[in-house]
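Participant: Mind having a look at this structure? Questions to follow.
The values are calculated or read from the model by the stated rules, or taken from the named source; none is laboratory data. Predicted model only: the values in this text are computed from it and were never measured. Positions of Cβ are generated from backbone atoms using ideal geometry, with glycine treated the same way; all protein chains shown enter the neighbour counts.
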Amino acid sequence: MSYKNVFQRILWHDACPLVGEYVDGQDNVDLGNLAALTAESLVDLILLAPEEERGNLFAATVAHLGQMFLAKSGAVEGGSATAH
């Protein structure tokens, strides 16, 4: 299994369900704080890239976030498809 596949498995099959279980199990969840922590993790990931690639990676990440928000909220068709 490639590194990319292992990382995707960790995120989508391990981390995301764990966060979902945490949110579902709480009476009062600070979603703003949870989103901020997730954003901080994305920044940490982007900063792992070589300096000259960070701007493009940041822009691609924000674009994908917007695309997924529109698709998953039903504003546009596309569901949970992943674009690269």
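Participant: Determine the pairs where a residue that is within 19 Å of residue 39 (Cα to Cα), located within region 64-81, has a partner that is modelled with pLDDT of 95 or more and basic (Lys, Arg) with Cβ atoms under 9 Å apart, the partner being 6 or more residues away or on another chain.
Facilitator: none
Participant: Check 81, 60, 75, 36 and return the single one that is among the aliphatic types (A, V, I, L, M) and at pLDDT below 90.
Facilitator: The match here is 81.
Participant: Failed condition for residue 3, given (1) touching a helix residue (DSSP H, G or I) at 6+ places or on another chain (Cβ under 9 Å); (2) modelled with pLDDT under 90, with all others met?
Facilitator: (1)
Participant: Considering region 42-56 alone, what residues qualify as being part of a helix (DSSP H, G or I) and either of a type outside the set (Asp, Glu) or farther than 22 Å from residue 11 by Cα (or both)?
Facilitator: Correct list: 42, 43, 45, 46, 51, 52, 53, 54, 55, 56.
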